[in-house]
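Take a look at the structure set out below.
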Amino acid sequence: MVTHPMMSWLNALNQLMAGFFLLCSFGLIAAAQVTGCMRFYVLQSLFLACSAALLGMLDHSTELFIVAGIYIIAKVIMIPVLLKRTAREAMIARRELVQVLGVPSSLLIALGLTLLAYYIALPLTAGANSGIRTGLPIGLAAVFIAVYTITVRREALPQMLSLLAIENGAFFAGDAIAPHFPLIGELAAVFDVLMIVLVLGVLSTQVHRSLGNTTVGSLAQLGED
């Protein structure tokens with residue numbers, strides 16, 4: 001049984017994980033190379049798993065403990081391994097990523113999106129428990145920032161990692177709102193994501209070999225050729 005002092009500690013730890021989780025969203029914008037984007041995605045997924053485990057203790061949810069394990073296996077281990085195997089050439093390329101706006105401007109926009117997420121979530125979390133008050137705005141902010149990151153990046157792999165970060169944000173909010181969500185839904189979503197990563201990883205490798213980079217413009221050029 002979780003005592004009141006322990007609940008306070010668990011809530012504080014969950015808020016800390018939420019803060020690190022959100023910082024990784026900012027890191028995805030600031031990263032200058034694909035490997036940096038990958039590191040921030042893996043760290044974000046790790047904090048997602050830690051938060052799920054902490055919420056499992058707070059809500060007495062066995063499902064969330066299993067979900068935390070799924071996140072570790074699929075997001076922290078399998079997805080990086082798949083990308084390193086299927087898109088190795090693009091992953092190890094030591095060049096600056098193409099981005100529409102500069103990093104300082106993008107970080108300011110990300111900060112604005114975070115404030116917007118809190119503004120939207122504030123009335124929705126009135127009277128809710130600490131897990132929901134933490135998880136919903138942070139998850140929503142992560143989704144907003146990842147969507148923005150997709151629009152400013154011009155490389156296929158960073159865009160894909162941002163797409164996966166959208167899923168992380170949705171799961172972060174969902175775990176707090178519905179801690180007893182059926183596991184079959186989580187498993188189906190993770191399986192779909194793994195298949196998408198595999199296909200896009202192979203595609204990115206072929207584009208990199210053909211054109212020397214993986215910008216979205218190169219994908220269009222390859223299609224025209």
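The values are calculated or read from the model by the stated rules, or taken from the named source; none is laboratory data. Computed from a predicted structure; not experimentally measured. For neighbour counting, all protein chains shown are included, and Cβ atoms are generated from backbone atoms with ideal geometry for every residue, glycine included.
Of all residues in the stretch 1-33, those satisfying the criterion of being over 22 Å from THR62 (Cα atoms), of a type outside the set (A, V, I, L, M) and surrounded by 22 or more Cβ atoms within 10 Å (Cβ to Cβ) are PHE21, CYS24, SER25. Within the stretch 29-47, which residues are touching a Cys at 6+ places or on another chain (Cβ under 6 Å) and within 23 Å of LEU13 (Cβ to Cβ)? PHE40, LEU43, GLN44 - these are the residues of the stretch 29-47 that are touching a Cys at 6+ places or on another chain (Cβ under 6 Å) and within 23 Å of LEU13 (Cβ to Cβ). For the stretch 150-161, the criterion of a residue being part of a loop (DSSP other than H, G, I, E, B), in contact (Cβ under 8 Å) with a residue 24 or more places away in the chain, touching a strand residue (DSSP E or B) at 6+ places or on another chain (Cβ under 8 Å) and over 19 Å from ALA18 (Cβ atoms) is satisfied by at least one position. In this structure, does THR114 turn out to be at pLDDT 85 or above, polar (S, T, N, Q) and under 12 Å from the mean Cα position of the chain (by Cα)? In short, no. Here THR151 does not qualify as under 17 Å from ALA170 (Cα atoms) and either under 17 Å from the mean Cα position of the chain (by Cα) or surrounded by fewer than 21 Cβ atoms within 10 Å (Cβ to Cβ) (or both).
Under the condition of being at pLDDT below 85 and farther than 24 Å from ALA31 by Cα, the residues counted in the stretch 132-180 number 3. Among the residues of the stretch 65-109, write down those that are modelled with pLDDT of 85 or more and touching a strand residue (DSSP E or B) at 6+ places or on another chain (Cβ under 9 Å). Answer for the stretch 65-109, where residues must be modelled with pLDDT of 85 or more and touching a strand residue (DSSP E or B) at 6+ places or on another chain (Cβ under 9 Å): just SER106.
Close Cβ contacts (under 8 Å, 6 or more residues apart or on different chains) running from residues in the stretch 36-59 that are over 12 Å from PHE21 (Cβ atoms) and touching a residue at least 40 places away in the same chain (Cβ under 8 Å) to residues that are β-branched (Val, Ile, Thr) and not in a helix (DSSP H, G or I) comprise MET57/VAL2; LEU58/VAL2.
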